[in-house]
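A quick write-up on the structure given underneath.
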Amino acid sequence: MDWTASLQGLVGGVLIGLSATWLMATLGRIAGISGIVGNLITQRPKGDSAWRVAFLLGLISGPLLLMALGGGLGNVAGSPGEVIGAPVGGVGLMLVAGLLVGVGTGLGSGCTSGHGVCGLARLAPRSMAATGMFLATALVTVYISRHLLGLGGGV
Amino acid sequence: MSQLNKSNWMKTAAGYAAGLLFGIGLAVSGMTDPARVVGFLDVAGAWDPTLMFVLGGAVVTTFICYRLVFKRTAPLLGGVFQLPTKRELDAKLLGGAALFGIGWGLSGYCPGPAIASIGGLSLPLLAMLLTMVLGWFAAKRIA
């Protein structure tokens with residue numbers, strides 16, 4: 001096992017947890033990315049977009065800041081030293097995947113951050129069910145695409 | 001600066017700080033690399049446990065810290081704690097989560113890392129971001 005990656009994973013996870021805590025402590029909001037963007041573009045509630053836009057700018061600038069600092073702080077698997085990894089699929093696959101992610105998190109009211117982090121931390125039954133479900137379908141999808149259809153690596 | 005403007009400015013700054021911390025967390029943990037995420041989901045291949053540590057670290061931290069936060073009656077910058085009120089485990093929740101999981105497995109991107117990776121934008125990522133936004137509009141129509 002790659003202990004460096006595991007340790008960085010743990011440190012990154014704690015930072016994500018602190019971010020979720022900070023957002024709840026200051027603004028009283030769940031740090032769910034799909035909810036923050038989904039509600040921003042559909043304007044729910046109206047006039048509450050400034051902190052959402054600022055959150056997204058922060059989200060984008062986080063990896064850029066690490067890249068500027070250098071020092072191997074990002075532990076990207078496929079391309080060592082790079083903070084942002086390359087997509088695993090081409091345009092066609094990503095168009096389909098994006099639609100599934102958008103519709104799915106919209107209908108299911110959350111993604112890995114909203115349900116998987118904030119929801120599990122609140123011991124919310126809906127989030128436990130959603131997290132179990134999306135982990136299960138993701139595992140099956142990867143198994144089918146990689147091992148049955150042979151769409152490994154650079155699909 | 002008026003009191004109202006100052007409060008709005010602080011809320012916006014708090015939002016930026018939360019996003020920045022989240023983005024740094026995703027990048028430090030390697031979650032901005034789809035290959036690492038797919039490596040975690042590929043249990044029949046060369047399994048990469050990193051995401052388990054990320055999720056574990058995030059959930060345990062949030063679990064402990066939320067308890068401290070909720071000792072207060074209101075958020076520091078005003079308003080109320082806005083927590084989900086729905087309770088039912090319905091087809092929309094489970095069906096939506098199932099679709100999301102398929103998209104996540106195909107791409108290795110959930111919404112956070114997909115947006116956090118805009119700094120390294122490529123054509124496939126742009127394609128994903130466009131249909132993801134379309135998907136959110138569609139979901140609001142359906143819902």
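Structure data summary
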item	result
Positive-end residue of B:Leu76, B:Gly95, B:Met128, charge dipole of the stretch B:51-143 with Cβ unit charges	B:Leu76
Cβ-based net charge around B:Cys110, under 14 Å, with every Lys or Arg adding one and every Asp or Glu removing one	0
Within the protein assembly as shown: Cβ-based charge dipole about Cα centre, in debye rounded to nearest 20 (Lys, Arg +1; Asp, Glu -1)	1180
Convex hull volume per residue in cubic angstrom - Cα atoms of chain A	148
Cα-based helix-to-principal-axis angle, B:3-28 vs chain B, degrees rounded to 10	30
Whole-Hz couplings from phi, Karplus 6.51/-1.76/1.60, listed for the stretch A:90-104; x for Gly and Pro	x, 4, x, 4, 6, 4, 5, 4, x, 4, 4, 5, x, 4, x
Gyration tensor (alpha-carbon) shape descriptor, the stretch A:50-117, a/c threshold 1.5	oblate
log₁₀ of I(q)/I(0) at q = 0.14 Å⁻¹ - chain B, Debye sum with one point per alpha carbon	-0.97
Whole-number D in µm² s⁻¹ for the stretch A:1-73, Kirkwood Cα-pair radius fed into Stokes-Einstein, 10 °C, 1.306 mPa s	113
Distance (nanometres) between label positions extended 7 Å along Cα→Cβ at A:Leu57 and B:Ala138	3.2
Unit Cα scatterers, Debye sum, the protein assembly as shown: log10 I(q)/I(0) for q = 0.10, 0.16 Å⁻¹	-0.47, -1.30
Alpha-carbon Debye profile of the stretch B:83-123, log10 I(q)/I(0) at 0.14, 0.17 Å⁻¹	-0.48, -0.63
Ranked by how many other beta carbons lie within 10 Å on average, peptides A:116-129, A:15-28, A:44-57, B:73-86 from highest	A:15-28, A:116-129, A:44-57, B:73-86
Computed helical MRE - 222 nm, chain B, DSSP H runs ≥ 4 contributing -39500 (n - 2.57), nearest 500	-22500 deg cm²/dmol
Hz values of 3J(HN,Hα) by residue in the stretch A:131-139 - Karplus curve (6.51, -1.76, 1.60), Gly and Pro given as x	4, x, 5, 6, 5, 5, 5, 5, 4
Amide H contacts under 5 Å for A:Gly85, placed H, 5+ residues apart	B:Asp33
The stretch A:14-51 and the stretch A:82-155: distance between their alpha carbon centers, rounded to Å	20
Gyration tensor (alpha-carbon) shape descriptor, the stretch B:73-142, a/c threshold 1.5	oblate
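Quick note: the coordinates plus some simple rules give every number you see, no bench work behind them. Keep in mind it's a predicted model, so treat the numbers as computed, not measured. Positions of Cβ are backbone-derived with ideal geometry, glycine not excepted, and every protein chain shown enters the neighbour counts.
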